[in-house]
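Worksheet for the structure shown next.
Readers should treat all values here as calculations from the given coordinates under stated rules, not as data from a laboratory. Remember, it's a predicted structure, so these values are computed and weren't measured experimentally. Backbone-built Cβ (ideal geometry, glycine too); neighbour counts: all protein chains shown.
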Amino acid sequence: MQTTNVCIVGAGPSGATTSLMLSKMGIFHTVLDKAVFPRDKTCGDGLVLYVFQVLKEIDPQLLTKFIEHPAFLHSYKANFYVSNQLHLDIYPSQNHKPHAPIFYARRMDFDNFLVENLPSNYADLRLGVGLKKIERLHPQEGLKLTLEDGSELITKILVGADGIQSLVSRKLGKNKSDKNHTSTFISAYFAGLEDLLPENSAEIRLIYKNMPLFFYIFPLTGGISNVSFGGNTGKLGLHKINLKTEIENIIATHPQIKEKFTSAHRLGDWRGWGIPSSFGHLTVSGDNFLLVGDAAGLANPFYKEGVGTGMMSGLIAARQIQKALEQERFDASFFSEYESLLAQKFGKLLRYSNLSLRMAHYSRFFYFFIQLLKGTIEKAMIRIIERQSYS
Ligand SMILES: Cc1cc2nc3c(=O)[nH]c(=O)nc-3n(C[C@H](O)[C@H](O)[C@H](O)COP(=O)(O)OP(=O)(O)OC[C@H]3O[C@@H](n4cnc5c(N)ncnc54)[C@H](O)[C@@H]3O)c2cc1C
């Protein structure tokens, strides 16, 4: 039977980052993904904040390759419409900045970009092989994994980077799905949208239908746009909202949106998926395992950034794994430090985002709050973007 010190399940942005960082540290490991890459992932395709910090930390040349990638669109601007009359202009300065603070990249291309850069001398990459079963051995021996092709692997440390439906989270963390801390979104690509905002700006709209719903148009290269729409999973069920019916209605009738779609056509079906913001309500580490990214519920509850937070958690996990291997400690009490490091990194932003989301449920109050503090909020958001993107 094969053995390894570290096995990462999932080669999405969180798992790929963990692997890239372990490789940088000279640590041999195995990466499994049930998909064969390039593979698609339902997403808005927006890349912000932590993505740049992480790429730079792994290798400044990797960040340069990312910036110069012809399929990744650069943007300095986002517009957030609280109502048809009121919007926030998020427009960080372009002066003396090494790169744009917002990128748009199809996940098919971005995730493949990361996987293609995994160094084969440290990462044993096995694509098209899913994890099927996990059995506990003695903590110093690790875990026995059974893969979908029937092969078996023993690992001292298992990194669950297997997304929102993580098997590692369910089996080892004993976590259950949590509708109140999850959003459900649908997304589709469109060609031929008209009157898009200038300068590759994102259009983000809060639309009320008994609850706040988020509508996004993100630009991509090649005249394609990603349109996504959704809200809190528990509340969608409570108010019996069908996202596909609702978005088709918005596209056909909304006064600020319908003109854009007059000559547009959808490329493929609407695709739905969950966005987990349940960090703080999940067990994210334990004997012989750590969870990263969506598996750890790390997506931002307000603006739904899950790629950057997932990548940053991969970086933090890799450092913890390095210490674990040096000290030969694989127990829950040692790995609990990882959870504290995640809380330190994301706690404040997640708390503010949760608060903003709660406030957004009271539409009138939220409108007046934003109207009153528009300038201050815009400046604060720009400060956060600049600090996180260029540090
Ligand atoms: C509609 C929508 C819009 C979004 N928009 C944005 C956005 O604009 N910006 C942003 O930052 N975030 C966005 N998100 C969130 C973002 O997509 C996720 O947070 C991000 O993909 C998390 O990355 P990950 O690597 O943790 O998980 P994933 O990207 O889900 O990767 C998990 C990987 O694990 C593999 N896997 C799963 N189970 C197994 C198994 N048993 N064995 C082996 N492999 C397995 C899968 O094949 C997959 O490759 C959006 C999400 C949705 C649904």
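Data for the structure
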| read-out | value |
| --- | --- |
| Likely footprinting exposure, GLU246, GLU199, fewest C-beta neighbours within 10 Å first | GLU199, GLU246 |
| Spin-label proximity, ASN354 to the range 292-308 - amide N less than 11 Å from point 7 Å beyond Cα toward beta carbon | 301 |
| Quotient of C-alpha Rg and 2.2 N^0.38 Å, computed over the range 330-391 | 1.56 |
| Environment charge at GLY44 (Cβ cut-off 15 Å; Lys +1, Arg +1, Asp -1, Glu -1) | -1 |
| Sorted by Cβ density within 10 Å, fewest first, the residues HIS74, HIS181 | HIS74, HIS181 |
| Alpha-carbon Rg/Rh ratio, for the range 102-164, with Rh computed the Kirkwood way | 1.06 |
| Convex hull volume of the chain per residue (C-alpha atoms, cubic angstrom) | 133 |
| Förster radius 35 Å - calculated FRET efficiency between ASP40 and ASN180 (Cβ-Cβ, nearest 0.05) | 0.80 |
| The chain: relative contact order in percent, alpha carbon pairs under 8 Å with at least 6 residues between | 23 |
| Cβ-based net charge around PRO101, under 12 Å, with every Lys or Arg adding one and every Asp or Glu removing one | +3 |
| Two-site label geometry, SER93 and LEU197: point separation in nm, points 7 Å out along Cα→Cβ | 2.1 |
| The chain: calculated mean residue ellipticity at 222 nm from DSSP helix runs of at least 4, using -39500 (n - 2.57) | -11500 deg cm²/dmol |
| Convex hull per residue volume in Å³, alpha carbons only, for the range 1-113 | 130 |
| FRET efficiency, 1/(1 + (r/R0)^6) with R0 51 Å, evaluated for LEU127 and HIS74 via beta carbons | 0.95 |
| Cα-based Kirkwood hydrodynamic radius, the range 144-245, one decimal, Å | 17.1 |
| Residues VAL292, VAL9 arranged by fewest to most Cβ contacts within 10 Å | VAL9, VAL292 |
| Environment charge of ARG329, counting only residues whose C-beta is closer than 11 Å and scoring Lys/Arg +1, Asp/Glu -1 | -3 |
